[in-house]
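For reference, the structure discussed in these notes is given below.
The values are calculated or read from the model by the stated rules, or taken from the named source; none is laboratory data. Predicted model only: the values in this text are computed from it and were never measured. SASA here: full protein model, heavy atoms, side chains in, ligands and nucleic acids out. Shrake-Rupley method; radii C 1.70, N 1.55, O 1.52, S 1.80 Å.
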Amino acid sequence: MKAVSTRRMAILLGGLAMFGPFSIDTIFPAFPQMAAQLGADKIAMQQTISVYLLAYALMSIVHGPLSDAIGRRRVILGGLLVFTLASVGCALSFDLKTLLFFRALQGLSAGVGLIVGRAAIRDLYQGDDAQRLMSQVSMIFGIAPAIAPIVGGWVSVHLGWHSVFLFLVGVGVVLWVANWRLLPESL
């Protein structure tokens, strides 16, 4: 695999870092539609965030050691695959219980980008180069909470709430292909 430019690595790792938070905030505008169709109240809808964040937090302590054991690239690609399949499950959910299950599965896999991506930076770069790349990734990461509700609102208004999760499927596929083609094994 040929070397990847620092600029491409910043975009690649920034995309990995932002897809976890992006998938939290993207669904907020669709809550009223989801609640109406699933027959859920506001408290029940908040559980979609709670199960996601709980699973995200629990797996944050697993992704790093797992990537130390079997490799950064394999964990990132596996996490993206699970996230993408979980997003398909969310899109196909027609009851709250099923949606909560797949949201938890999304949470289990979504932290892989942020945790393992930072480990890859430490593996591939040192000193000023590592700090510069980390700051670029952090800037890209910071965009997610700002644009996710806008994207989610537009998609849910024009295409329905299921399409928000189909959009996340597309994000997962694009990230998986980009990482499969460009991300070197850094361990």
With every protein chain kept in place and a 1.4 Å probe, the chain has an accessible area per residue in Å² of 49 Å²
In percent, what relative contact order does region 31-187 have, based on Cα pairs under 8 Å that are 6 or more apart in sequence? 33 percent
Answer label for Kirkwood radius over Cα pairs in Å (calculated), chosen among [x] 17.2; [y] 16.6; [z] 23.1: [y]
How would region 71-146 be classified by its alpha-carbon gyration tensor: rounded, prolate or oblate, with rounded meaning a/c under 1.5 and the a/b versus b/c comparison settling the rest? prolate
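Quickly estimate the mean residue ellipticity at 222 nm for the chain, helices only: each DSSP H run with n ≥ 4 gives -39500 (n - 2.57), and the total goes over all residues, rounded to 500.
Working: 8 runs with 160 residues, N = 187.
It lands at -29500 deg cm²/dmol.
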Kindly express, to the nearest 10 degrees and within the range 0 to 90, the angle between helix 72-91's C-alpha long axis and the longest C-alpha principal axis of the chain. 10 degrees
